[in-house]
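Everything below concerns the one structure shown next.
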């Protein structure tokens, strides 16, 4: 038995899979199964693929969607409501403008213009363009990890470009938001997901002009949660709500552990988030 490490093309870059104490022949088959599942789901949620389920809904404005799509969208809309619209997955037009370094223009829509009736989703305002990038990646990586575990892998992780689903236990470094060669500490993750949103990943000229819409004065947010879908979404949610609402949301979700790093590099820990040197 040995450690098995492989990288697969995914999310416009790659996802790394690490399996521990597993026979290499078994690992190879498990990884291929996980990769097939990831590609299937990525084709469903890919904002930039005109043939994806997400893009077809954005184009047609009303469609019957798959159970997986409905699950992720419903979770996203729940968080939109809890954040009073600070987190809003209807703002895909503004996301595209930010991605292209264009001026971000006002839109007249909100998450309230996304209607669900059974398995049918309708977009009721012309400005709505759904973007699920803040939550779908976590869901996809969770499903990859589930395929690996269901196939017999006991311990390992799936790293989807910094958003990591851990099965077993790992001690992981948290990147310093201003020096990529440094860490602010390490966190122990056991059968959980961990995700970080930071102003240093995608920005234009200054950190203040980062890719995150409606951002608050925060440099990075790291979240550990029971699933990576939750960790992925809450990392963005906690970036865009003010401190009062942030504390209320975290009080309502004691299972979500968070580390907030302020622009002056002050570390704020919530719900028992522990950082070691």
**OP:** Would you please name the residue that is surrounded by the most Cβ atoms within 10 Å (Cβ to Cβ), looking only at residues in the stretch 116-170 that are assigned to a helix (DSSP H, G or I) and without any contact (Cβ under 8 Å) to a residue 12 or more places away in the chain?
**Re:** 146
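Of everything in the stretch 100-115, what is within 19 Å of residue 62 (Cα to Cα) and loosely packed, with under 11 Cβ neighbours inside 10 Å? Give them in sequence order.
The one that is within 19 Å of residue 62 (Cα to Cα) and loosely packed, with under 11 Cβ neighbours inside 10 Å: 108.
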Original post:
Scanning for something free of Cβ contacts under 8 Å to residues at least 60 places away in the same chain, assigned to a helix (DSSP H, G or I) and not assigned by TED's automatic domain parsing to the domain that holds residue 239, does the stretch 95-108 turn up at least one residue?
Top reply: yes
**OP:** Give the residue that is surrounded by the most Cβ atoms within 10 Å (Cβ to Cβ), with candidates limited to residues of the stretch 31-65 that are assigned to a helix (DSSP H, G or I) and in contact with a strand residue (DSSP E or B) (Cβ under 7 Å, 6 or more places away or on another chain).
**Re:** 34
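The values are calculated or read from the model by the stated rules, or taken from the named source; none is laboratory data. All values derive from a computational prediction rather than experimental measurement. Positions of Cβ are generated from backbone atoms using ideal geometry, with glycine treated the same way; all protein chains shown enter the neighbour counts.
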